[in-house]
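All remarks here apply to the structure that follows.
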Amino acid sequence: MDKDKLDIRAPIFGQLLGRGTGVGWLRVAILALLDSLVLVLAWGLADKLGKDTEVCFLLLGCQDWFEFLLTILVTTIGIGAASGIYGTDDRRRGYFNLLKSLTLSQSVLLVIGYLYEPEAVISRSTFLLSWLFTLSFVFAERSILHLAILQLRNLGKIRQSVCLLGQANDIKKSESILAKTKQFEIRHQEDLSLRDSRDKDWSDTIARLREKQVDEVFLCSQLSVEGQLFLYWELKTAGIHLRLLPVGIQLPIQASEIKMVNGIPTMRFRSPPIIGGDYWLKRLIDLAIASIVLILASPVFILLGILIKIDSPGAVFYKQTRVGIKGDRFKVWKFRTMVQNAEALQKQLEAHNEMKGGVMFKMKDDPRITRIGKFMRRYSLDELPQIFNVFRGEMSLVGPRPFPLRDVERFSEHHFIRQEVLPGITGLWQVSGRSEVVDFDDVFRLDMTYIQNWSVGLDFQILFMTIRAVLGKKGAY
């Protein structure tokens, strides 16, 4: 389908930031600008009323107003941002949080002044006045801004358009909670009880949300883990945020950030694993490492090609149709390790399958494997040509293994979520015993562990563990 082809784990341009993100950044910019103006006013007034107007300049190690104000603004606004006073939840309006942030920034400015000009006599009145004026002016500015926003929201302006997704009774409870804030405009509601719980296709829902220009979805009823991940991936590629409102929900296992809405804790999903910027960073690393491997291993490629031709008749490379990201089919490249008619012979050997569950086919003493094939499999050298699949964008160095059509046809519904990421040459399954893992449920569990905990560091860790496992011939056949 066209929508699948456009995905490639990359919400680009308008989708990259997500709907409503531009408004959010504009709000932060306006707030920071207003804070800067009142900080300039507070420090200017304190400097005029202080006992020694020159001391303040010496104290901060500055020679003119520009450097003086720049130091104050960077310190105060930087500490404020770190403490959450420019966030999107209740912390932005928490006066105790403001008090702590502004007091801490004032203390840091004192320390900076002492370190730069320790011999200077500190004008305590200037700093005391600046602290009092800063607190008073910022509190007043925030209060006036908050009242103005409330007035606009009472008029139905600057509200965030959202959708409520859940069971009917949970939607009703969530509606009453969000209505009190006047922050959200509920443009759409969907009752999960009318939906088949096994259905992973959210395309119709996404289309309705786009049509109604929804910025964020509040999930207020329980979904299966697989359903949550599928839904979030689809929403994120559409540029729509997903947040959990714990009305009829157990806590999810995926990491989320907590945001308060009118005293009610909500959970917003962080960026999903291996999507957007993460996907392209992973892709860049793949291409860099694959280029180095191809250059260094080129003599090995030539040598193995000669040995394969000498050992048995047939092609040097073996290409098999595998299922990759979003169900796309592609030809995976490997050095041939079996006799020419290996696929036809597999039907006769199905009864000897040693993999529990019947999804994958594994046989320790497979009679189809050639002599040089056994050697290559022992050290996983047969996988080397998949570097070409990495260059083509069909595979990654690390990820869930791509399975043949025969295996995918035997998947249960929840298994298909592993196809939401690029398949890999190696993965957690390979470094956790490789062929010694004989239960497909264990393979799937390892794949899900990788998907949900992905990081660049984890990829490098798996690559190093793969080298160790290959050299130790652990679980290989």
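Just so you know, all these numbers are worked out from the coordinates, no wet-lab data involved. Everything quoted here is computed from the prediction, not taken from an experiment. Here the Cβ is made from the backbone with ideal geometry for all residues, glycine too, and neighbour counts use every protein chain on show.
Just a few scattered comments:
- Length released on extending from residue 151 to residue 128, taking residue separation times 0.36 nm less the Cα-Cα span: 4.8 nm
- The length gained on full extension between residue 455 and residue 441, counted as 0.36 nm times the residue separation minus their Cα-Cα distance, comes to 2.7 nm.
- Neighbourhood net charge (12 Å Cβ-Cβ; Lys/Arg +1, Asp/Glu -1) for residue 315: +4
- Cut-off under 5 Å, modelled amide H: who pairs with residue 215 long-range: 161, 162
- Extension gain for residue 211 to residue 315 (0.36 nm times residue separation, less C-alpha to C-alpha distance): 32.2 nm.
- Between residue 196 and residue 74, the modelled labels are 6.0 nm apart [label points 7 Å from Cα along Cα→Cβ].
- Members of 200/331; 180/259; 200/259; 100/180; 157/182; 236/331 lying beyond 18 Å, as alpha-carbon distances in this model show: 200/331; 200/259; 100/180; 236/331
- Förster radius 35 Å - calculated FRET efficiency between residue 175 and residue 203 (Cβ-Cβ, nearest 0.05): 0.85
- Residues residue 416 and residue 471, FRET efficiency given R0 of 45 Å [Cβ-Cβ distance, rounded to 0.05]: 0.85
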